[in-house]
1. Take the residue pairs A:LYS17/B:LYS70; B:LYS91/B:LYS129; B:LYS91/B:LYS137; B:LYS137/B:LYS217; B:LYS150/B:LYS236 and return only those whose Cα atoms are more than 24 Å apart.
2. Limiting things to C-alpha atoms, what are the Rg and the maximum Cα-Cα separation (Dmax) for chain B, in angstroms?
3. Take peptide B:146-156, look around each residue's Cβ out to 10 angstrom, count Cβ atoms belonging to other protein chains, and average those counts.
4. When only alpha-carbon atoms count, how far does the stretch B:1-160 stretch along each of its three principal axes, as whole angstroms with the largest first?
5. Going by alpha carbons, how many degrees (0 to 90, nearest 10) lie between the helix axis of B:14-39 and the longest principal axis of chain B?
6. Interface B/A, total buried accessible area with a 1.4 Å probe, nearest 100 Å²?
7. Helix B:48-74 against the longest principal axis of chain B: what's the angle in degrees, Cα atoms only, rounded to the nearest 10?
8. Angle between the Cα long axis of helix B:174-188 and the longest principal axis of chain B, 0 to 90 degrees, nearest 10?
Amino acid sequence: MITSDRLKETVYRELKKVEDPEITSVSILDLGMVDDVIVQEKEAVIQVLPTFSGCPALDLIKKRIEEAALKVGGVETVNVQFVYDPPWTTDRITEEGREQLKQFGIAPPPSDHIDGEPWHVDCPYCGSTYTTMENIFGPTACRSILYCKSCKNPFEAMKPVANL
Amino acid sequence: MRTYETAEEALESPEYNEALTELLFQLADDDFLLAYRGSEWLGLAPHIEEDVAFSSINQDMMGHATLYYKRLEELGEGKADDLSHLRSPEKFRNAVLLELPNGTGNYLEKPNYDWAFAVVRNYFYTLAKKIKLESLKTSSYVPLQHTARKVLMEVNYHLMHWETWFNQLIQSTEEAHKRMKNAIDQVWEEFMGVLSTGDKGDVMARSGIIEDEETIKKRWISKVESVFTQSGLHLKEKPQMKSGNGRNGEHTPTLESALDTLSEVYRKAPAQGW
Ligand SMILES: [Zn+2]
């Protein structure tokens, strides 16, 4: 008999492999999107916090989560619930997630940003602090476009969102 | 004041539920229509960076509309996609200002869109949206509190964007200043419709779903007053509602043509995902 704690752990391990379709290379777990996993009998309830409202990938994410969780022996049904309490905020992104974002060419959001104030982002390529904001809104709603004056590369940064 | 934790609780009180669904339709339809008008600008904005930014904002706003339609779905009003695409114009609760076209001409043939109108309409609307969301953070309907909190996080970025445009254009050339003033006059004629909460507004306020219309109006006017003072403009009389109150189902024919275009694909094949 597999205990539900054990199952839960296995489900988490599978979720670690699920990527955000808009930012491949970062798992939804490291983005801080999974609020809770509840395993009862053969059902896994997975509570997910949607990120930016303008990222229309929720249906796809839901499908991928279902597929991932069903790979776990002992789980027969998966119920993905999108919840809004607590709200998803960028400070939920793990250290590993922040590193992966950089590898993807996206500067992670500053963790100490005060809402409404301009935020400062270092260049993900050379680490320079000598950067300028070109456009708050990048190719998707969650990203901004910046320019590094040191290595002369444009780069993207994830916008900080915090609970006000 | 009593709070309602779930849709089931709200549904137990018909009067409460009726006012709540009215407000949700207002919030959803406002974002939905303005995002649609914004999306018509695609490829036509003043420069490529603005094209990217404006479409991101419209995408966000469509996302916000979807969140409200989902809340309505939970209250048994029907499927979220059907709510946005299959209702007839008189069922829409958006303010008339937000359904008006971007200018003369149309998207495919000679669009003669007015950027000043887009900036003023979006800026003033976003100011009002933020004020309402602040109020909704303490709504008696708990799921709406959570939705408002979510939307608010993103609206701050929209506000920064439109504020920048507004200030730059109003302080720019004489020509720009003149066009902006014209746009302000145009928006002013209908803006009361955005601030109105319609015939059910009293029940909404009494049951704590959102604060009363007068309070919201006062906050908006005092905000706009300070924006005007900074830009050397003068606040005239109160904003008006010349073409009727969309909150009560009054609309211009431009809504119907907008909905026709928006829903063409959906109506033909509602079952198809797109
Ligand atoms: Zn650099």
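The values are calculated or read from the model by the stated rules, or taken from the named source; none is laboratory data. Here the structure is a predicted model, which means the values were calculated and not measured. Neighbour counts are summed over all protein chains in view; Cβ atoms, including those assigned to glycine, are modelled from backbone coordinates with ideal geometry. Surface areas here come from the heavy atoms of the whole protein model, side chains and all, with no ligands, DNA or RNA. Shrake-Rupley method; radii C 1.70, N 1.55, O 1.52, S 1.80 Å.
1. Working: A:LYS17/B:LYS70 29 Å; B:LYS91/B:LYS129 21 Å; B:LYS91/B:LYS137 26 Å; B:LYS137/B:LYS217 17 Å; B:LYS150/B:LYS236 35 Å.
A:LYS17/B:LYS70; B:LYS91/B:LYS137; B:LYS150/B:LYS236, as the Cα separations exceed 24 Å there.
2. 18.3, 58
3. On the way: counts 5, 4, 1, 6, 10, 1, 5, 13, 7, 0, 6.
Mean shielding by partner chains, rounded to a whole number: 5.
4. For the stretch B:1-160, the Cα extents along the three principal axes come out at 52, 33, 20 Å.
5. 30 degrees
6. Between B and A, the summed buried area is about 2100 Å².
7. Approximately 20 degrees, to the nearest 10.
8. Approximately 30 degrees, to the nearest ten.
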